[in-house]
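One structure is given here, and the rest of the page talks about it.
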Amino acid sequence: MGIHVLDAMSREGFEEVIGLHDRESGLKAFIAIHDTKVGPAFGGIRRWSYISERAALMDVLRLSRAMTRKCVMAGVPGGGGKAVIIDEPGLDLERSYRFMGQRVEGMGGRFYTGPDVGTDGAALDWLSEETQFVTRTGADGPGDLAEATAAGAFAGIRAGLEFLDGEAAWDSRRIVVQGLGGVGERLAKRLVEAGATVFATDIDVERGRRAAEAAGAEFVEPSTEVTIACDVFAPCALGGFLHDVTIERLNARLIAGAANNILAKIHHADMLAERGVLLLPDFVTNAGALIRGALWHLEGHQVPLEDVEARVVASTSEVLQLAASEARPPARVARDLADERIAARRSS
Ligand code: NAI
């Protein structure tokens, strides 16, 4: 099935979609800019072995749109952007990231980029040698972004538990963390330190085992995590995980984490609500890196983790209260609220 890019752009209000090809490295990539109405577009670079060009394009569109929602809900004066690199065997990573950096620099500050799945510290260092519009690692950058995301997700989980039970009561909680990459390992560690019993997994079993051990969590084999009876399921791998099959198998009361676009389709939010599962909207609980990265670029200071947590708690609580008063799933409420705010600022 083809995709009508311009139709999709006008339907969803995108500003720009750029296809990139580097003759020397063979790099193929997309950059999507969803919204720059009140400030630059913010969004990381995802490198993934997409099954098709169409899948990569759909991903960059969905992810950049979610970034605009994330900005309005976090109170960040900017909008959504994203880049995806189609990973292929033999791709020259250094050359590819340098090429991306040059292109981002050429956009003159319309798009600020940073890490996402597949884009690690080495990639950020190559990028930052080519462009000023990227979050730097080290002392002259905004600080650890994955740590900020983990702090926000942790604060969101705490707000969700307090909403359900009036208290976090960490000592009595069983929590599953799916994905032990940059964010998942840090989140698992925080949860363990708070007193929870944490089960964690990663499809990269060797790395996952090491990360689980470092965090003090119990490693479980990939795909067994779905059925573990738990208080909280924290998705920190890839999006699209909540669909007909996984929702049937999940045995959790609260779902909250870092993975973007966790619902395969929005109606899966209704399915979860019907089953009595509270799903917190991903673009609210995973805003930590955006808050830290964007405010560093815009205001020139490092945002402390406590401030990240406070902002995520404020927006999570706002959504939860509204959802309760309207008797609607928080994921739908957050989406509508964000879209109303985007429409209001576009028409102002
Ligand atoms: P990462 O690439 O460091 O880690 C992702 C991990 O998930 C990898 O170790 C991978 O092997 C694992 N994984 C993939 N599919 C899996 C599956 N089906 N089951 C178990 N493990 C699986 O990525 P990072 O930075 O930790 O991000 C995690 C998620 O959070 C992503 O969806 C990302 O878009 C989202 N996110 C990350 C932010 C950040 O600050 N890094 C900010 C906001 C969202």
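The values are calculated or read from the model by the stated rules, or taken from the named source; none is laboratory data. Quantities reported herein were computed from a predicted structural model and do not represent experimental measurements. Every residue, glycine among them, receives a Cβ derived from its backbone with ideal geometry; neighbour counts consider all protein chains shown. Keep in mind that these areas ignore ligands, DNA and RNA; they rest on the heavy atoms of the full protein, side chains included. Shrake-Rupley method; radii C 1.70, N 1.55, O 1.52, S 1.80 Å.
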Cβ-Cβ under 7 Å pairs, at least 6 apart or on other chains, the stretch 220-235 side over 10 Å from L250 (Cβ atoms) and without any contact (Cβ under 8 Å) to a residue 24 or more places away in the chain, far side acidic (D, E) and within 13 Å of the ligand (Cβ to nearest atom)
P222/D202
Residue check, V84 against (1) free of Cβ contacts under 8 Å to residues at least 60 places away in the same chain; (2) closer than 18 Å to W48 by Cα; (3) open to solvent by 20 Å² or more (accessible area, probe 1.4 Å); (4) not charged (D, E, K, R), all met but one. Which one?
(3)
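Specify the residue that is farthest from N260 (Cα to Cα); the eligible residues are those in the stretch 214-230 that are acidic (D, E) and open to solvent by 30 Å² or more (accessible area, probe 1.4 Å). Before you say what the answer is, go through the steps one by one.
Looking only at the stretch 214-230, we keep the residues that are acidic (D, E), and these are 218, 221, 225.
Next, from what is left, pick out any that are open to solvent by 30 Å² or more (accessible area, probe 1.4 Å): 218, 221.
On the way: E218: 24, E221: 23 Å.
It comes out as E218.
Could you check the stretch 14-60 for strands (runs of 3 or more DSSP E) lying wholly inside it with 3 or more residues that are within 24 Å of G121 (Cα to Cα)? It would help to see each step written out before you state the result.
Working: elements: 16-21, 28-33, 45-48.
Filter on the stretch 14-60 gives 28-33, 45-48.
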Checking G75 against (1) surrounded by 20 or more Cβ atoms within 10 Å (Cβ to Cβ); (2) under 30 Å from E318 (Cβ atoms), which test does it fail?
(1)
Out of curiosity, is E129 surrounded by fewer than 19 Cβ atoms within 10 Å (Cβ to Cβ), touching a residue at least 24 places away in the same chain (Cβ under 8 Å), more than 9 Å from the ligand (Cβ to nearest atom) and not aromatic (F, W, Y)?
yes
Being farther than 18 Å from M67 by Cβ, among the hydrophobic types (A, V, I, L, M, F, W, C), open to solvent by 30 Å² or more (accessible area, probe 1.4 Å) and within 21 Å of the chain's Cα centre (by Cα) is the filter here; which residues of the stretch 105-126 pass it?
A122
From L290, L298, which residue is open to solvent by 20 Å² or more (accessible area, probe 1.4 Å) and either farther than 17 Å from R69 by Cβ or touching a strand residue (DSSP E or B) at 6+ places or on another chain (Cβ under 9 Å) (or both)?
L298
Within 20 Å of A259 (Cα to Cα), small (G, A, S) and under 17 Å from the mean Cα position of the chain (by Cα), is that true of G182?
yes
Would you point out which residue out of F163, F219, F133, F199 is farther than 30 Å from V245 by Cβ and of a type in the set (F, W, Y)?
F133
